[in-house]
Amino acid sequence: MSRKKKPLPLLEQIEITDVAAEGKALARVDGMVIFVPYVVPGDVVDLQLTRKKHSYAEAEAVKIYKYSEKRCEPFCKHYGVCGGCKWEILPYEEQLTYKQQQVTDVLTRIGKVELPEISPILGSKHIKQYRNKLEFGFSNKKWLTKEQISSGETFENMNAAGFHIPGAFDKILDIDECWLMEDINNRLRNGIRQYAFDNALTFFDLRKQEGLLRNMMIRTSVTGEVMLVVQFCLKDADDQPKAMALMEWIHVNFPEVSSLLWVDNQKCNDTIGDLDIQIYAGHDYIYETMEDLRFKVGPKSFYQTNTEQAYELYKVARNFAGLTGKELVYDLYTGTGTIANFVAHQARQVIGIEYVPEAIEDAKVNAALNKLDNTLFFAGDMKDVLNDDFIEQYGRPDVIITDPPRAGMHADVVNVILNAAPERIVYVSCNPATQARDLQLLDEKYKVVKVQPVDMFPHTQHVENVVLLTRK
């Protein structure tokens with residue numbers, strides 16, 4: 001017989017003292033750190049522990065005795081349930097303060113390198129409707145809130161279109177209004193959902209791997225273009241005509257959608273990178289613009305999701321690079337070549353390297369689109385492509401710009417950078433923790449001379465950070 005777990009304690013009238021990772025806040029009780037979502041520093045609450053380890057615990061705030069002066073009212077009706085925008089109850093200036101502190105603390109504690117004064121964080125110009133890409137899932141297992149469950153109401157229609165609930169992979173929270181993107185996201189999602197209700201279209205069952213409607217992705221651009229990709233699961237004989245009837249309804253009722261696409265996804269996941277995208281109407285791309293450059297963005301392309309802040313981020317990177325027109329620049333983890341093409345006018349030549357072959361093809365297309373003849377792009381694993389033979393063939397870089405994924409740079413890549421010995425390294429990071437680790441490795445030959453945090457994602461704990469290193 002298994003031993004019954006001992007109930008975890010309720011801690012009464014505990015003050016929340018700081019913010020932590022993953023959008024949580026924290027309290028300290030008898031030397032133990034407790035992580036709590038949906039509260040802010042200054043709140044005094046009762047905490048019900050939900051998980052307890054030796055040195056830390058996780059808890060939910062079950063009663064609030066005192067609201068912090070730092071609190072503000074959330075503007076989204078789905079706040080606290082959908083799992084996004086966890087810092088919505090913090091005024092934006094407070095969010096920026098904590099993000100600045102996060103960068104400073106992480107670089108100091110993990111990097112342990114000598115730092116200059118860190119520049120004030122660049123806040124986002126818009127804190128609502130700032131994203132250019134959103135994805136919504138369809139599910140026949142709607143997530144019911146605590147209020148809905150306690151109401152005793154019977155829910156006959158359990159179909160939903162919205163966001164996946166964290167920790168419940170097959171459940172979708174039905175979304176009525178999302179503030180992350182301009183209102184086209186609400187009109188498209190709500191309209192398609194109502195059409196599905198009216199025409200008895202089936203919603204996806206993740207466990208059974210069946211159901212016509214599976215996912216939808218929306219992209220918008222500063223040029224005013226809109227892309228919509230609808231994922232279907234076409235298993236039954238009558239699925240195709242039903243799907244095409246929906247696409248025609250969208251085409252007629254949303255003429256602003258200039259790129260209307262669809263895909264048949266019968267895999268076990270929602271990724272479309274290995275699937276053929278079908279054009280229903282318009283083109284299979286939209287354009288983004290930045291200064292005098294145009295970027296062709298397809299359904300599989302990576303593009304920074306906050307367009308206006310991406311421009312600010314790239315301006316910082318270009319400024320840190322200190323280009324005069326004579327430099328050979330290596331752009332590592334170049335993606336679709338946005339940074340490479342952005343700095344090309346100020347460099348002698350730019351060489352971009354990226355793991356994803358499709359992204360490199362996009363980079364080449366965008367270079368040609370902007371009549372840039374001084375860029376070269378290569379696809380492959382960074383640690384395999386960027387080696388001493390590569391540098392011998394294509395030249396020793398004067399400047400290296402690196403923008404790795406959240407995991408940071410492989411140690412082999414750091415070693416090749418050290419051997420390449422560029423005059424300057426511009427390190428753009430979406431994860432200051434792994435950036436700090438890499439800075440420690442680079443500290444052998446390089447010193448940090450500038451640090452500029454940039455906020456790309458209001459109401460979340462995420463922050464981008466740009467660091468300039470020069471040779472010692």
TODO: Mind jotting down the distance between the C-alpha centroids of segment 326-379 and segment 77-138, whole Å?
DONE: 29 Å
Open item on the list: If I compute solvent accessible area with a 1.4 Å probe over the protein chains, what percent of it on segment 10-71 is carbon and sulfur?
Closed with: 45 percent
TODO: Compute the relative contact order of the chain as a whole-number percentage, counting only Cα pairs closer than 8 Å that sit 6 or more residues apart in sequence.
DONE: 13 percent
Task: Surface share of carbon and sulfur [accessible, 1.4 angstrom probe, percent] for segment 133-290 - done: 51 percent
Task: Portion, in percent, of the accessible area of segment 346-463 that falls on carbon or sulfur, probe 1.4 Å - done: 48 percent
TODO: Please report the relative contact order for segment 55-173, taking Cα pairs under 8 Å with a sequence separation of at least 6, and give it as a percent rounded to a whole number.
DONE: 22 percent
TODO: Could you tell me the distance between the Cα centroids of segment 205-254 and segment 404-472, to the nearest Å?
DONE: 40 Å
Open item on the list: Which one, 40, 164, 408, projects farthest toward the positive side of the charge dipole computed for the chain from Cβ point charges (K/R +1, D/E -1)?
Closed with: 40
Task: Ranked by how many other beta carbons lie within 10 Å on average, peptides 81-94, 56-69 from highest - done: 81-94, 56-69
Open item on the list: Only four residue types carry charge here, +1 at the Cβ of Lys and Arg and -1 at the Cβ of Asp and Glu. Report the dipole size of the chain about the Cα centre in Debye, rounded to the nearest 20.
Closed with: 1280 debye
TODO: Please calculate how many Å² of accessible area the chain carries per residue, with a 1.4 Å probe and no DNA, RNA or ligand atoms counted.
DONE: 47 Å²
- [ ] Please report the relative contact order for segment 10-71, taking Cα pairs under 8 Å with a sequence separation of at least 6, and give it as a percent rounded to a whole number.
- [x] 32 percent
Open item on the list: How far apart, in nanometres, would the label points at residue 237 and residue 48 be if each is projected 7 angstrom from Cα along the Cα-to-Cβ direction?
Closed with: 5.2 nm
TODO: Give 142/364; 86/235; 267/296; 133/315; 70/133 a once-over and call out the pairs whose C-alpha atoms are over 32 Å from each other.
DONE: 142/364; 86/235
Task: Of (1) 22.6, 73; (2) 24.4, 75; (3) 22.3, 78, the label for Rg and Dmax of the Cα atoms in Å derived from the coordinates - done: (2)
Open item on the list: Per 0.36 nm of contour for each residue apart, how much would the distance between residue 149 and residue 170 grow if the chain were fully extended, relative to their Cα-Cα spacing?
Closed with: 5.8 nm
TODO: Anything in the chain that counts as a DSSP H helix reaching 30 Å or more along its axis (C-alpha) with Kyte-Doolittle mean of at least 0.5? List them, would you?
DONE: none
Open item on the list: Can you tell me the length gained on complete extension of the stretch residue 278 to residue 392, counting 0.36 nm per residue apart and subtracting the Cα distance?
Closed with: 36.8 nm
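The values are calculated or read from the model by the stated rules, or taken from the named source; none is laboratory data. Nothing here was measured: the structure is a model prediction, and the numbers come from that model. Note that we place each Cβ from the backbone using ideal geometry, even for glycine, and neighbour counts take in every protein chain shown. Protein only, heavy atoms only, side chains kept; ligands, DNA and RNA dropped before computing areas. Shrake-Rupley method; radii C 1.70, N 1.55, O 1.52, S 1.80 Å.
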